[in-house]
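Comments concern the structure below.
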Amino acid sequence: MKRSIISISLLAAGLFSVSTQAANIEVSVTNLTHGNHFTPILIATHDGDSQLFNVGEKATPALQKMAEGGEIADLNTAVTGAGGMTIMNPAKGLLAAGHTADSDMLDTGDNNYLSIVAMVLPTNDAFIGLDSWMIPSEAGRYTVYINAYDAGTEANDEIINGGGMPGVAGIPFAPSDDGGENANGVMDGSQNMHVHIHPGVLGDTDPAGGASDLDSRIHRWLNPVAKVVVTVK
């Protein structure tokens, strides 16, 4: 009996060491939308006490900056300040529809969780989000499909006006110059001011007016919006 207890204890210790063992990973992100872009992507590994966003909770100021204007510096600072490891902007700019961004090798250190965010353009405050995905300890390739979330920080009026700073309503720009102008604005009656699944854009087909500056034939989407492939070495 004593030998069995010792054996179980050693086995448990072995399992614990595997679950906390540092891993080297490579991450690829593919834009699955029809005609939207992703702003610079933030790939972060972190512990269980840190998160880039929480579904059902208010967005942090750092998340708001990313979701409304594509700014990831504050989120990066928060992660690294808590001992996390990050890769910023693996696409070296915007990631167009149908394209893939591949990261360099990332040493996760003591971090067991992976999170990914980037703004979806052109939108008011939509972002792609992978929240605290546990990194497998076993080597291999793992595929995850992720959704677009609404930060809940701004009404989805779908007006392109150069906005993008917190507190400034509107959409910064349409990267492919395929947006309209002079829209009246979509009447967004949402009362959800927390992070939630994005309903997608409405759009219209009037480039010189109408309710939306977004083109319903180009900018609408259904979830998921991105494919993530994680290679654990």
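Run down Gly163, Gly185, Gly189 and say which single residue is touching a helix residue (DSSP H, G or I) at 6+ places or on another chain (Cβ under 9 Å) and in a loop (DSSP other than H, G, I, E, B). Only one candidate passes the filter, namely Gly163. Taking the conditions (1) more than 14 Å from Thr153 (Cα to Cα); (2) touching an Asp or Glu at 6+ places or on another chain (Cβ under 8 Å) in turn, Glu68 satisfies each one other than (1).
Considering Asn124, Asn184, Asn89, the condition of being in contact with a strand residue (DSSP E or B) (Cβ under 7 Å, 6 or more places away or on another chain) and not hydrophobic (A, V, I, L, M, F, W, C) is satisfied by Asn124 alone.
Do we find that Ser176 is among the hydroxyl-bearing types (Ser, Thr, Tyr), within 23 Å of the chain's Cα centre (by Cα), under 16 Å from Leu121 (Cα atoms) and part of a loop (DSSP other than H, G, I, E, B) in this structure? Answer is yes for this residue. In the set (1) part of a loop (DSSP other than H, G, I, E, B); (2) in contact with a Phe, Trp or Tyr (Cβ under 8 Å, 6 or more places away or on another chain); (3) under 24 Å from Ile197 (Cβ atoms), Ala169 fails one condition alone, (2). For first residues located in the stretch 60-74 and touching a residue at least 60 places away in the same chain (Cβ under 8 Å) and surrounded by fewer than 19 Cβ atoms within 10 Å (Cβ to Cβ), partners that are part of a helix (DSSP H, G or I) and not basic (Lys, Arg) and lie 6+ apart or on another chain with Cβ distances below 8 Å form the pairs Pro61/Asp74.
For residues that are surrounded by fewer than 14 Cβ atoms within 10 Å (Cβ to Cβ) and at pLDDT below 95, tally how many sit in the stretch 166-187. Count: 3. With the structure loaded, tell me whether Tyr145 is within 18 Å of the chain's Cα centre (by Cα), exposed (fewer than 14 other Cβ atoms within 10 Å of the Cβ) and touching a residue at least 24 places away in the same chain (Cβ under 8 Å) or whether it fails that test. Taking the combined requirement at face value, the residue satisfies it. Looking across the stretch 67-89, the residues that are in a helix (DSSP H, G or I) and among the charged types (D, E, K, R) come down to Glu68, Asp74.
Here is a yes/no grid of residues against (1) in a loop (DSSP other than H, G, I, E, B); (2) free of Cβ contacts under 8 Å to residues at least 24 places away in the same chain; (3) farther than 25 Å from His219 by Cα:
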residue: Ala91; (1), (2), (3): yes, no, no
residue: Gly98; (1), (2), (3): yes, no, no
residue: Asp110; (1), (2), (3): yes, no, yes
residue: Leu114; (1), (2), (3): no, no, yes
residue: Val117; (1), (2), (3): no, no, no
residue: Val120; (1), (2), (3): no, no, no
residue: Thr123; (1), (2), (3): yes, no, no
residue: Gly129; (1), (2), (3): no, no, no
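The values are calculated or read from the model by the stated rules, or taken from the named source; none is laboratory data. Just so you know, these numbers come straight off a predicted model, no measurement behind them. Virtual Cβ from ideal backbone geometry, glycine too; neighbours counted across all protein chains shown.
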